[in-house]
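Right, one structure below, let's go through it.
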Amino acid sequence: MKPAFYESALFDVSRKKQVYTSMPSRHYHDAYEILYLISGDFYYYIGDRTYQVAGGTLLFMDIHERHKLVNSGCYMYERVTLLFKKEFLQHFCTSGQCEGLLELFKSDYRALKMTGKDQHFIEQLFQKMIQEGKKQARGYEQYQQILLVELLLYLNRKLFDSLVAPLVESNRTHKKVLDIVNYVNQHYMEPLKLCEISRQFDISSSYLCRTFKESTGFSFIEYINNIRIKEARDLLVGSSFNVTEIAGMVGFDNTSHFGRTFKLVMGISPLCFRKQFKS
């Protein structure tokens, strides 16, 4: 089947929870695309590569590059989609600066994993872009340009300047890993032990660890902690529950373990994180 072409706006960003995509067929745009998966998992085809994408992963597609999302498990996922044309940046950057910002779309890589502070930072940038588009206050387009430049600079540094780039490999899809990811997404608040998950899904612990990392870019423990800390962040900002209550609600057996893990992932303690948003 011939790929479908979709004409894009100069700049468009949206955040949605859904099961089915409105663009089910392989398609392409006359714009650059960045897709960030907040939660859930799916397969994503970009060019001739396949990526098994888990929450906390960011994908980027070059202009006119064929791609397709497949949610074979039919589970709910939440994603941010950003589409923009080069012209959106041309009034803000010189031609050479624009080329530098768009360099990541010309690389051999199409997926980066975002953990802890990376996820929070990226989600804040996207949220600001979305809010500016909704409010349309004075200079909102210029601010969206600034936010886009900040995002592109950040991603280029992650991809090209990091000693160990947080890449997600392609063409390594494991149906059983997809089932385990879905199980973790739904049961993160419960005790999750590697040996018990291995037994439940009839897979050895060593094979699970290896294939989980190959498929998603995250280790099994890293993924569970990312899910739990993301939920904890939302509760710290949007609820009045204390830290001990939140620790139990997101699956930690004690407050000390929660505090250590939160600081390891986010770089600050849960209380300090809450104070940043309450002040």
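The gain in end-to-end length when the SER240 to SER256 segment is fully stretched comes to 3.8 nm, 0.36 nm per residue minus the alpha carbon separation. Note on surface exposure: VAL168, VAL237, VAL19 rank VAL237, VAL19, VAL168 by accessible area, highest first, 1.4 Å probe. Working from label points 7 Å from Cα in the Cα-to-Cβ sense, the LEU153 to CYS74 distance is 4.6 nm. Accessible surface computed residue by residue for the range 1-136, with neighbouring protein chains in place and a 1.4 Å probe, gives 45 Å² per residue.
Quick one: if the Förster radius is 41 Å, what FRET efficiency do CYS195 and LYS128 give, using the C-beta to C-beta distance and rounding to 0.05?
Details: r = 42 Å, r/R0 = 1.04.
Efficiency at R0 = 41 Å is approximately 0.45.
Quote the Stokes-Einstein diffusion coefficient, in whole µm² s⁻¹, for the range 1-92, based on the Kirkwood radius over alpha carbon pairs, a temperature of 37 °C and a viscosity of 0.692 mPa s. Walk me through the numbers before you get to the answer.
Details: Rh = 13.6 Å.
For the chosen part, D equals 242 µm²/s.
Distance between the modelled labels on LYS86 and LYS176, one decimal in nanometres: 4.7 nm (7 Å Cα→Cβ projection). For the Cα atoms of the chain, what angle does the longest principal axis make with the long axis of helix 140-156, in degrees from 0 to 90, nearest 10? Helix 140-156 and the main axis of the chain meet at about 60 degrees. Short to long, the 5 Å bins of the Cα pair-distance histogram for the chain hold 1, 5, 12, 15, 18, 17, 14, 10, 6, 2, 1, 0 percent of all pairs. Using only Cα atoms, find the angle between the long axis of helix 255-266 and the longest principal axis of the chain, and express it within 0 to 90 degrees, rounded to the nearest 10. Orientation of helix 255-266: about 20 degrees from the principal axis.
Extension gain for the segment SER8 to LYS263, taken as residue separation times 0.36 nm less the Cα-Cα distance, is 87.8 nm to one decimal. Between PHE160 and LEU271, the simple spin-label model (points 7 angstrom out along Cα→Cβ) gives 4.4 nm.
Pairs to check: LYS68/LYS158; LYS85/LYS135; LYS113/LYS193; LYS134/LYS158; LYS213/LYS263; LYS2/LYS158. Give those whose C-alpha atoms are more than 26 Å from each other in this structure. Where the Cα-Cα span goes over 26 Å, the pairs concerned are LYS134/LYS158; LYS2/LYS158.
Using a probe radius of 1.4 angstrom, the carbon and sulfur fraction of the accessible surface of the chain is 51%. Computed from the mean reciprocal separation of all distinct C-alpha pairs, what Kirkwood hydrodynamic radius does the range 153-276 have, in Å? About 16.0 Å for the range 153-276. For the chain, the longest principal axis of the Cα atoms and the long axis of helix 175-187 meet at an angle of about 70 degrees.
The values are calculated or read from the model by the stated rules, or taken from the named source; none is laboratory data. Since we're looking at a predicted model, the values are computed, not measured. Cβ sites come from the backbone with ideal geometry, for glycine too, and all protein chains shown count toward neighbours. These area figures cover heavy atoms from the full protein model, side chains too; ligands, DNA and RNA do not enter into them. Shrake-Rupley method; radii C 1.70, N 1.55, O 1.52, S 1.80 Å.
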